[in-house]
Structures are given as C-alpha cells and as structure tokens.
Amino acid sequence: MNALPPAVSSEDAVRHFAARLSFETDASDVADDLDGGDIIVVDARSAESWEQGHIPGAVHLPTPEIAGRAAALVPEGATVVVYCWGPGCNGATRAALEFARLGHPVKEMIGGFEYWAREGHPVETAPGTVTRRTPDPLTVPIRAVSCAC
C-alpha cells in the first residue's frame, strides 16, 4: 500500500506554490528586504517576548492591538511582514489576517523569530543592544552567505 497520496497536476502545483510565495516569505528574504525594500516588519508577540528580543527596526504590534493601532504605525500601501515565535505558532497567521482585513498587503514570515535568530540575523533587546547568534548549521550553511535557494 502506498502511503503517499498521488501528486496533483503540474498546473495545480504551479498555482499552489505561486500562491504560497505570494503569502509567505522567510527570514533570509526579510533580511535582504530590510536593506532597501519597502516593507514594514511587525512583531505580533507579547511585550515580554518583544523585550526578550526582536528584529531590529520591527514595529511591535501585538495581534489584539492591530485593528486599533495599525493606522498610526503602518503607512498606507506598505507591504507588512508579520512574525511571531516560530513554526509551531500560528500568531503570525492571525496577525496577517488582521492586516488583510484592514486592506494592507501582507506576508507571513515563515519560521518566525526562532528562525530569524537561528539563522544568525541581528536581534535587538529592549535596552537597544543588538547581537547575533552563531548560525545554526541545521538552518543555514555556515560558510556561505545564504542557502541560495
């Protein structure tokens, strides 16, 4: 018995994967876009999580506060990239839904803050100190700029 379901047609696969890339981004692409892209990165986690560490330049806007505060913090028309803790958390998905309901173009950063930090990107703490962890070789090649994927 084959445990793997049959694959969909290539046309269906193209639609599916193209749609996913329209809705999602990853930590490496966000890091590249922060250096000159037109994105607003939003951390949707709690205040305690934000203080523990966040992406430098991100806006702290917990999901329950998005509807009431987004207009004051996010320029109209800017692409919003939301993140939460990591792949086991759907907080970024909930935040992305809130931004979409407000009419913002939005993407979810897959892997969340966990993969941002694990890939060795800069992390800012509440006092303003920016640090970098040694990249985790299970997430990125340690002797290359990126995975080139």
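Key figures
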read-out	value
Number of positions in the range 59-84 that are touching a helix residue (DSSP H, G or I) at 6+ places or on another chain (Cβ under 7 Å) and in contact (Cβ under 8 Å) with a residue 40 or more places away in the chain	5
Residue in the range 122-136 that is among the β-branched types (Val, Ile, Thr), at pLDDT 95 or above and farther than 24 Å from residue 18 by Cβ present	yes
Test: residue 48 is surrounded by fewer than 19 Cβ atoms within 10 Å (Cβ to Cβ) and either touching a residue at least 12 places away in the same chain (Cβ under 8 Å) or in a helix (DSSP H, G or I) (or both)	yes
Residue match in the range 12-29 (condition: at pLDDT below 95, under 18 Å from the mean Cα position of the chain (by Cα), in a helix (DSSP H, G or I) and loosely packed, with under 14 Cβ neighbours inside 10 Å)	no
Residues that are more than 20 Å from residue 29 (Cβ to Cβ), hydroxyl-bearing (Ser, Thr, Tyr) and touching a residue at least 24 places away in the same chain (Cβ under 8 Å), drawn from the range 111-130	125
Residues (acidic (Asp, Glu) and at pLDDT 95 or above) located in the range 59-92	65
Qualifying residues in the range 70-89 (those that are surrounded by 14 or more Cβ atoms within 10 Å (Cβ to Cβ) and out of contact with any strand residue (DSSP E or B) (no Cβ under 9 Å at 6 or more places or on another chain)) - the one farthest from residue 125 (Cα to Cα)	89
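The values are calculated or read from the model by the stated rules, or taken from the named source; none is laboratory data. Worth saying up front: this structure is predicted, and the values here are computed from it rather than measured. A quick note on method: Cβ atoms are made from the backbone with ideal geometry, for glycine too, and the neighbour counts reach across all protein chains shown.
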